[in-house]
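Engineer: Okay, here's the structure, questions in a sec.
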Amino acid sequence: MYGQRKPVGGPAPSRSGGQTRSPSIMADISIQDLERLDKTMVLVAFLGLIINVVQVVAISNHSWLKATALSNGQPFTAHLSLASVQFGNDTHPSKDNRFFCVSRSDECSLRQLCATNAATETYSNGMAKYTSKAAWCQASDAGAFATRLLASGLLLGLAATGVTAMYAAQSIPWVADQFDKVEELGFSDQIQKYIIAGGWGALWVFLFTSMLSYAVMIPDTLGWGTVSLEASFGLLRVCFVLASVQCALVVNSLFELWSHDSMKSVWKDFMATKLVSARKALYVLLTIQLVLYFFMVVVEVDWSGLLIVLAAFYLLQGSQTFLILYLVLLVVSVLFDAIHAASLPSFNHMTPGDHFGNMIWLVVFAFKFLIAGALIAHEKLEKGAPAGEGRAWTSFDQQGRPGEQYDDDEYNS
């Protein structure tokens, strides 16, 4: 909080200095007011806005499930949303709808398919010629239940985003006046933070429950092969990751579990590093790769992203142990990646979600070689650089506060 605190045993003073403000004061917001915004809560509100937008995008398209449905023994590719399905390919997504839809439209309602009495003809070996009614009903029920959860989570997310943004803006006089009134009702600053944390925690639960319930309730097959989760489900994973970060930030704002000093020290080290150096390149490459791993969550969670942690420890502490661990695990990761790359089908045969995910994966794969080269260059070429130019590192105490800065020669001696 950037306003005044309530003294023990006395009335709460106005955060705006005791002056009565009107809403028109919003037009007179100064740069100093904006600079005093609660940066943590601004970040939480911004992430909340992203989550809300991504949820809307995920709910409103046909990339939840991909499966193969049957009609008179003929297989058709089906792309399911939460409430409807399209039959076709990536170029003409609804060209085969006439074999399944009751009415001519760009999509078939899952509820109508569930209500239609599907034919029960089978081949001599007992294999069905038509997708069963039970499968369509399962898909319809899974989508309807997930829609209710996501709609509730979306409303909760919008409310939490608004409240968090207002809380972050208490350096603005008019907003401070409103929170003064809230505190007069008995909602202290700590209680306000608990309410904000509860809102984001509830959204986190809604997101996880919607993913879990949908994955459990969907049918195993639509008649041929198995179903596979697609990009829209992956967008929920992205929302879940962002919501986890939000919860961590708000909880730290409440209980101060870690210090921001270590991050500030890393930023200072980055700014102090020479522009043309392997150390600066490592900072940039690792950051870009971390962002790429985040976008890969849309398709899959790649745990090789944890290699970034080893590289970061080496970069910050200068320990060759972390360098060796990183390089050994990197070799194993690259070899498995080479097998995966060889098994990839042509991009022309991929869904949009798979196309996006594999393009990101290929860039991440290339970055592994660049980072390995930068690490070796940093170790070999900058070995004799003075402190602050590529080989200085900072120690931290148990609370995450920076201690003394060393170069490798001082540490080894």
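The values are calculated or read from the model by the stated rules, or taken from the named source; none is laboratory data. Being a predicted model, the structure only gives us computed values, none of them experimental. Glycine also receives a Cβ, built like all others from the backbone with ideal geometry; neighbour counts cover every protein chain displayed.
Engineer: Determine if the stretch 110-118 includes at least one residue that is loosely packed, with under 13 Cβ neighbours inside 10 Å and modelled with pLDDT under 85.
Structural biologist: yes
Engineer: Looking only at the stretch 150-175, count every residue that is in a helix (DSSP H, G or I), touching a Phe, Trp or Tyr at 6+ places or on another chain (Cβ under 9 Å) and more than 23 Å from residue 210 (Cα to Cα) and tell me the total.
Structural biologist: Qualifying residue count, the stretch 150-175: 5.
Engineer: Of the residues that make up the stretch 41-49, is at least one over 31 Å from the mean Cα position of the chain (by Cα), among the hydrophobic types (A, V, I, L, M, F, W, C), modelled with pLDDT of 55 or more and more than 16 Å from residue 175 (Cβ to Cβ)?
Structural biologist: No, every residue in the stretch 41-49 fails to be over 31 Å from the mean Cα position of the chain (by Cα), among the hydrophobic types (A, V, I, L, M, F, W, C), modelled with pLDDT of 55 or more and more than 16 Å from residue 175 (Cβ to Cβ).
Engineer: Going residue by residue through the stretch 327-334, is there one that turns out to be touching a residue at least 40 places away in the same chain (Cβ under 8 Å) and either more than 22 Å from residue 273 (Cα to Cα) or outside the structural domain of residue 93 (by TED's automatic domain parsing) (or both)?
Structural biologist: Yes: the stretch 327-334 contains one or more residues that are touching a residue at least 40 places away in the same chain (Cβ under 8 Å) and either more than 22 Å from residue 273 (Cα to Cα) or outside the structural domain of residue 93 (by TED's automatic domain parsing) (or both).
Engineer: Further question on the same structure: Can you say whether residue 203 is surrounded by fewer than 17 Cβ atoms within 10 Å (Cβ to Cβ), of a type outside the set (D, E, K, R) and modelled with pLDDT under 95, as far as the supplied structure shows?
Structural biologist: no
Engineer: Residue under question is residue 130, and the condition is that it be aromatic (Phe, Trp, Tyr) and either touching a Phe, Trp or Tyr at 6+ places or on another chain (Cβ under 7 Å) or surrounded by 15 or more Cβ atoms within 10 Å (Cβ to Cβ) (or both); does it hold? Talk me through it step by step, then tell me what you get.
Structural biologist: Working: aromatic (Phe, Trp, Tyr): yes; either touching a Phe, Trp or Tyr at 6+ places or on another chain (Cβ under 7 Å) or surrounded by 15 or more Cβ atoms within 10 Å (Cβ to Cβ) (or both): yes.
Yes.
Engineer: On the basis of being polar (S, T, N, Q), over 18 Å from the mean Cα position of the chain (by Cα) and surrounded by 18 or more Cβ atoms within 10 Å (Cβ to Cβ), does residue 147 make the cut? Before the answer, list the steps.
Structural biologist: Working: polar (S, T, N, Q): yes; over 18 Å from the mean Cα position of the chain (by Cα): yes; surrounded by 18 or more Cβ atoms within 10 Å (Cβ to Cβ): no.
So residue 147 fails the test.
Engineer: Listed residues 286, 290; which is part of a helix (DSSP H, G or I), in contact (Cβ under 8 Å) with a residue 24 or more places away in the chain and either in the same structural domain as residue 363 (by TED's automatic domain parsing) or surrounded by 15 or more Cβ atoms within 10 Å (Cβ to Cβ) (or both)?
Structural biologist: Within the list 286, 290, the selection yields 286.
Engineer: On to the next question. Given the conditions (1) more than 23 Å from the chain's Cα centre (by Cα); (2) in a helix (DSSP H, G or I), report the number of the one that residue 195 does not fulfil.
Structural biologist: For residue 195, the failing item is (1).
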